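Report on the structure given below.
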2 protein chains.
Amino acid sequence: MRSLTSVPTLSPEWATLVDGVRRKRDESIAAVMSPESIPLHEVPSNVSQVPREVLPVQVCTVTETPLPELLQQLASREVTAVAVTEAFLRRAALAQGLVNCVTELLPTAALKRAAFLDDYIAQHGKPLGPLHGLPISVKEHMAMADWEVNFSFVAQIGTKATTDGEVLRILWEAGCVFHARTTQPQSLLHVETSSNIYGVTVNPFNTNLTCGGSSGGEGALIALRGSCLGVGSDTGGSIRVPAGLCGIYGMKASSGRVPMSGLLPLTMGREQIPSVVGPMSATLEGLELWMKVVCSRKTWLKEPTLLPMAWRDEVDWLGKTGGSSKFKIGVMWNDGVVQPQPPVTRALRQVVDRLRVHEEVEIVDWKPHDHSRGGEIFARLLFADGGKFMKQRLDQAGEPLRPLSQWAFNENPHCRETTLDELWEWTGKRDTYRHKYANAWNVTATGVDAHGDPVGCVDVILTPVAPGVAPPLDHSHNWLYTSIWNLLDYPAVSFPVTHADAGLDPRNDLYTPQNKLDAENHHLYDPQMHHGAPIALQLVGRRWEDEKDLLAASHIG
Amino acid sequence: MRSLTSVPTLSPEWATLVDGVRRKRDESIAAVMSPESIPLHEVPSNVSQVPREVLPVQVCTVTETPLPELLQQLASREVTAVAVTEAFLRRAALAQGLVNCVTELLPTAALKRAAFLDDYIAQHGKPLGPLHGLPISVKEHMAMADWEVNFSFVAQIGTKATTDGEVLRILWEAGCVFHARTTQPQSLLHVETSSNIYGVTVNPFNTNLTCGGSSGGEGALIALRGSCLGVGSDTGGSIRVPAGLCGIYGMKASSGRVPMSGLLPLTMGREQIPSVVGPMSATLEGLELWMKVVCSRKTWLKEPTLLPMAWRDEVDWLGKTGGSSKFKIGVMWNDGVVQPQPPVTRALRQVVDRLRVHEEVEIVDWKPHDHSRGGEIFARLLFADGGKFMKQRLDQAGEPLRPLSQWAFNENPHCRETTLDELWEWTGKRDTYRHKYANAWNVTATGVDAHGDPVGCVDVILTPVAPGVAPPLDHSHNWLYTSIWNLLDYPAVSFPVTHADAGLDPRNDLYTPQNKLDAENHHLYDPQMHHGAPIALQLVGRRWEDEKDLLAASHIG
């Protein structure tokens, strides 16, 4: 496990700062669980079952209680917030030892908060809010007042947040406990999780594989049940990829639904590809609860980028598909660029076969509209400064580029410094692409309503989260199965379906790759190495139909 | 009147093309009304009453019928669409002779459409839609399939639109007739209306003054009742300024409510300051009808920039102000940059005095939040390319810059070519400014609701449309009373209140201007020259509270 946290080449001053951050992290772990009690030398590459072997049964019971039941137990005082917090802290400490997913635990603050909540419910006879006593983990870059927020930039070590991100404030007011902060990669622009400050976070199902990223710490921690609900963020797949590769649930809403304050300093003004904060959870109920709590406030009065639309619970999303009474699912087997690896296609087939038997469901094929072009537009806009901003921050501390930063900024043909005119031109191309994609939904209509607007369109698209199983470290070069929905600003929910199985998913040696990305993806698949790794799918909705998308996931996922 | 249409210095080829466009315009007028019947040599500088003196009484009766009544008459076949169209065409032709507001009339197409509608209602016994038979005028730059769309650029003469703008399509499907296309200024970035193709459009109440702009043709045409409902667009005041200076009504909604296709080629990708298409009308009912018809379609399925929100008629906007049961109006007497001229302040006082007697209304002062800074951010973003794009289009045809283009692009300190980094920086400043302004509303709350969100805030802001009466031609340098709401993306309705009156509105010779813009505005006011010119005010709502803002205007305006 040493390699996960090897110290990078840094000047002595910076190395000292990195050491300090790691020491602080390790102390926060040691406060919960002695390092010796973590049997790192004995563990297999699949560490997903280690917590059950190592931790006391009552810790496992609490941390594996389904979320609605756990909240019910907390609200009825069947369990205390302190006991629940202690259990999750303990399991998170072990998870850190196993996969290196935590930037720090917050035992003192969390237990103080939990004790407050226990007092509160004792005094008032009712919970503080719908999340009363629930421990929640948070990706490091989300501002927490008075805590360091370094975004995994060495040069930013020691920077403190002055206010809480609005999402955290809302979750807090709903009664939660924040117990852990989690890792993210250098620059936040990898779909893996590797940084010079915290090292590499790996996949709980196979520590030789990536956990995905950039919200990889959340993905790995929740997969190991060191948390059951977390806060991630997604600009190109950063919630859905780690959720998918780690076998948990994640949602990237459309922009304008979830408050963004607390993340703004990094992305301020860069509105061409919107970043979205969102939930990651061990269960689908976690996503639902998080979205309802966070989106039921009138936060648009504070953050004018937010749509003036609370979570639309009352709409009959699944019944009202208009001219067709069936719920229509478009299945995208392949994005036209990269053929998914065999276990992914099997997962799709499995879900489609299950859905076909439902009379109220109609399955059609979804024809991807030139995703290759979409990928180019996405990358030209996301990397419109040629990586300059990121490289400057790295240079400030003389940080070496991690392999995927090297790839993103120096080897990526779409990472080019852009003039203002070019930015406007590519933004215009984005809008044209969005129009065309909207039309691709509209032409699936079965008719028009009284006003002439289309009805009976495809309701959601069912598609892979990634073209394959979790790659070995530093090999994640293809985000297109997720980033295309960021470009389009569509809501997307990632949900686990199955695990790769060497017996069921042989390599297709007859396949002829169609392009370089396709070849790379094809060759990355290794039935033996990938055996047992999670396989997930994604349900994608039309822009701002976040409620429908999540509701559909609750029926299908 | 010659000077209004003097031919600019252009190469012979381009001059020939301009001549051709003008000839086409003049022929379209002559098809409706012989030029000799327009008594141009006899008219006073206030031409607003000329139509009543010159036109047959039945033409005046039809064109001055209040809009709801006119639609009722059309729907009940009390009048025919052909008769109504003929009347408005006739009056528009006269308006063109008086103030030069039309780029072309559409008599053939309009009368064909009107005849179709008369047939339709005869056959079906019911109107085609809520706008059955109503003539509507349209600013030239809005795409109409198969018609020239030159945006007032000489270099673009002869360019034909391939499809209808979506707003026009919706109005058409609601049964309207398009009868006139109207003038706009060179570059569309003046709040006056002067171009090398069509000349200068002037104010019907005083032809020595500007009609405002950029939708100045609509303002002047509707003021003379050559149309009762029109389509304009607004990026910095372009609907509200001409509506205000011409004594009619205009609304700029928040972005994302009104479809924008048909305008996109010019602004594609330039999303920092959103342009908005909107209604201009002789009556407030016109604005309401237009907004309801246009915003009640699910156009977001086609244009993904649109919010998925039909016009919200069912919400009790005025009753539900939360903790306070009163409707709270914030009055902004002065924007902190430029003191309004005396007639404007009198108009504000007049409306406030009228409102104070209503028990259900609470009047408070609105403190402008650093509008000077807002103006800088607006202009830096609007002119982020240093006017390059516009100047290139003008250079293509060797067009001389009109005086206000010269001012906007060559004398404006905020018109500077910007790098990508600077654009992001200023976009970030815009977002920070929007946050601060939202907070300025929130601190007017009287309490919080069960979730802790503010209630009892100011509902709408009442403020001038412009700091003064219509300036003499080529003097409109201050848009800040309108453009600040574009920067903030707030809905704003302009409504007429009174007319400047030399007796009631003496010059305040004791006033000491606070800055250069203030001095310029102060010195522009001339009680004699301005006597009789319209004075308007503006009601401004929070972002996306378009329905509330318009409803408030219907009570106050």
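Read-outs throughout are calculated quantities, based only on the coordinates presented, and are distinct from any laboratory measurement. Bear in mind that the values here come from a model prediction, so they are computed numbers and not experimental data. Ideal geometry is used to build each Cβ from the backbone, glycine not excepted, and the neighbour counts take in all protein chains shown.
Remark: relative contact order (chain A) = 15 percent; criterion is Cα-Cα distance under 8 angstrom and separation of 6 or more residues.
At q = 0.05, 0.08, 0.12, 0.13 Å⁻¹, what base-10 log of I(q)/I(0) does the Debye formula yield for chain B when every alpha carbon is treated as an equal point scatterer in vacuo? With one equal scatterer per Cα and no solvent, log10 I(q)/I(0) is -0.19, -0.49, -1.16, -1.38.
When DSSP beta bridges are restricted to pairs lying wholly in the range B:327-556, around 65% turn out antiparallel. Taking the Cα centre of the protein assembly as shown as reference, the dipole from Cβ charges on Lys and Arg (+1) and Asp and Glu (-1) amounts to some 20 debye.
For A:Val443 and B:Thr61, the FRET efficiency from 1/(1 + (r/R0)^6), where r spans their Cβ atoms and R0 equals 60 Å, is about 0.80.
For the range A:416-533, the relative contact order is 21 percent, taking Cα pairs closer than 8 Å that sit 6 or more residues apart in sequence and dividing their mean separation by the residue count. Phi angles across the range A:341-356 convert, under the Karplus curve 6.51 cos²θ - 1.76 cosθ + 1.60 with θ = phi - 60°, into 3J(HN,Hα) values of 5, x, x, 5, 5, 4, 4, 4, 4, 4, 5, 4, 4, 5, 6, 4 Hz, Gly and Pro given as x. Rounded to the nearest 0.05, the FRET efficiency derived from the C-beta distance between A:Phe116 and B:Thr16 at R0 = 56 Å is 0.10.
Name the residue farthest towards the positive end of the dipole of chain B from the options B:Tyr525, B:Leu355, B:Gly232, assuming +1 on Cβ of Lys and Arg, -1 on Cβ of Asp and Glu, about the Cα centre. Final value for the positive-end residue is B:Gly232.
If you plug the beta carbon distance of A:Gln406 and A:Arg507 into 1/(1 + (r/R0)^6) with R0 = 30 Å, you get a FRET efficiency near 0.55. Beta bridges per DSSP, both residues in the protein assembly as shown: antiparallel share near 70 percent. By DSSP, the beta bridges lying fully in chain B are antiparallel in about 70 percent of cases. One Cα centroid belongs to the range A:196-245, the other to the range A:267-284; the line between them spans 15 Å. The ratio of the alpha-carbon radius of gyration of the range A:4-113 to the globular-protein estimate 2.2 N^0.38 Å is 1.24. Close amide-amide hydrogen proximity is noted between A:Val331 and A:Val364, A:Asp365, A:Trp366, A:Leu462, each under 5 Å apart and 5 or more residues distant or on a separate chain (H modeled in the peptide plane; Pro and chain starts excluded).
Backbone amide hydrogens, once placed in the peptide plane, bring A:Val102 within less than 5 Å of A:Thr183, excluding anything fewer than 5 places away on its chain. The mean sequence distance of close C-alpha pairs (under 8 Å, at least 6 residues apart), as a share of the length of the range B:327-556, puts its relative contact order at 29 percent.
Taking the centroid of alpha carbons for each part, the range A:133-151 and the range B:68-126 are 64 Å apart. Taken about its Cα centre, the range B:327-556 carries a charge dipole of about 200 debye when Lys and Arg each add +1 at the Cβ and Asp and Glu each add -1 at the Cβ. For A:Lys367, the lysines whose Cα comes closer than 19 Å to its Cα, not counting residues fewer than 8 places off in the same chain, are A:Lys328, A:Lys436, B:Lys302.
Inter-label distance, A:Asn46 to B:Asp26: 8.8 nm, where each label sits 7 Å from its Cα along the C-beta direction.
Name the longest site-free stretch of chain A, where the excluded sites are GluC sites (Glu not before Pro) in a DSSP loop with no more than 15 other beta-carbon atoms within 10 Å.
With GluC sites (Glu not before Pro) excluded where exposed in loops, chain A gives A:79-313 as its longest stretch.
Here the Karplus curve 6.51 cos²θ - 1.76 cosθ + 1.60, taken at θ = phi - 60°, turns the phi angles of the range B:252-259 into couplings of 10, 6, 5, 5, x, 9, 10, x Hz, with x standing for Gly and Pro. Only Lys, Arg, Asp and Glu carry charge here, each on its Cβ (+1 for the first two, -1 for the last two); on that basis chain B has a dipole of about 340 debye about its Cα centre. Label-to-label distance for B:Gln392 and A:Glu78 is 6.7 nm, based on points extended 7 Å past Cα in the beta-carbon direction.
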